[in-house]
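Undergrad: The structure follows.
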Amino acid sequence: MPELYSNMLYFMIYAFFGWCLEVVYQALEHGRFINRGFLNGPYCPIYGFGVILVTGALEPLKGNLIILFTGSVILTSALELLTGFVLEKIFHMQWWDYSKERLNVGGYICLKFSLLWGVACIVTVRLIHPAVESFVASLPHFLGMTAITVFLIGFTSDMIVTVAAIVHIRQRITLINDISSQMRKISDKTGEHIFDAVETAKSKKDELDELSEAQKAKFNELRAKYKAAYENKGYYMKRIEKAFPKLSFDADNSFRQQLSKLKEEFNSHINNKH
C-alpha cells in the first residue's frame, strides 16, 4: 500500500511536470499557450507512467550513466510506441506523427526524440526524483490521500468526457467524409462533361455550365452541409486541433483539389486550342 500511495503521488507530480514541459515547448515553437495533451486537465499521463517505469526499473542502476541512458531510451521509446499504437487502434487517429523525422518507426517514435527522452530521464532520475521523493515522504498522509482522491475523481471524469467527445468527433468525420465522397462523384461527372465537349467549346463558362441544374443544386446542397459539419466545431475539437496540429480532423478534401485541377487543365486545354 505505501508503494501504491507513493507511486500515485509520483504519477500526479510527473504528469503535471510533463504537461508543463509540453506547454513550454509549444510556447517556444508557436509563440502562444497551447493546452497540450490528450486530456483537458493540466496533466500528461504518459509522463507519469514513463517516470514510474524508468525509476522503478533503472534507479538502482543510476550510478552507471551508460546503462541509465540506454535503458531510458529503450523504455521510453517502447512506452511511446505502445501508447501511440493503442490510441490509434482505439480512436482511429494517429495522435502524433514523426514520419518526417529520420529513423522513425511508423511515425510513432524517432531517434531524435528517443535520445532526448534518454537525456531527460538522466536529469530526472539523478536530480529531480530525489527531491520529489523527499517531498512525498514529508507530505502528511492525510494530505496525500486527499490529493490522490481529488485527482482520481477529476482524472476519471476528464477521461470519460474526453472519450465521449472523441467518439462524437469520429461521427462528425464519418459524416463529412460521406458528404465529401458524394461531392467528389459529382465533380467526376463534371469533368466528364467538360472533356467530352472540349472540342466544340466556345467559352470556359459554357463548358462549366455543362453540369446539369440538378447536379449543381445537389452539389451546392452538399457543400452547405459540408461547411456546416466542418466549421461548427465544439470546444474540445478546437482544443485537440491546437494541441495536436499534425492530427487531421479534416475530411478528404480531394474533391476540392480535383475541381481546381480540373479547371486548370481545362483552361490549359482551351488556351492550347487557340
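The values are calculated or read from the model by the stated rules, or taken from the named source; none is laboratory data. Computed from a predicted structure; not experimentally measured. Methodologically, a virtual Cβ is constructed for each residue, glycine included, from the backbone with ideal geometry; neighbour enumeration extends over all protein chains shown.
Undergrad: For the range 99-110, indicate whether the set of residues that are touching a Leu at 6+ places or on another chain (Cβ under 6 Å) and surrounded by fewer than 16 Cβ atoms within 10 Å (Cβ to Cβ) is non-empty.
TA: yes
Undergrad: Are there any pairs with C-beta distances below 6 angstrom linking a residue in the range 84-108 that is on the phi > 0 side of the Ramachandran plot to a residue that is in a loop (DSSP other than H, G, I, E, B) and surrounded by 16 or more Cβ atoms within 10 Å (Cβ to Cβ), with the two at least 6 apart or on different chains, and if so which?
TA: G107/D97; G107/Y98
Undergrad: Let me ask something additional. Can you tell which of A57, A27 is among the aliphatic types (A, V, I, L, M) and under 20 Å from E80 (Cβ atoms)?
TA: Checking each option against the conditions leaves just A57.
Undergrad: Of the residues that make up the range 146-160, is at least one farther than 28 Å from L9 by Cβ, modelled with pLDDT under 95 and not small (G, A, S)?
TA: No - not one qualifying residue is present in the range 146-160.
Undergrad: Within the range 108-153, which residues are among the hydroxyl-bearing types (S, T, Y) and more than 20 Å from L58 (Cβ to Cβ)?
TA: Answer for the range 108-153, where residues must be among the hydroxyl-bearing types (S, T, Y) and more than 20 Å from L58 (Cβ to Cβ): Y108, S138, T146, T149.
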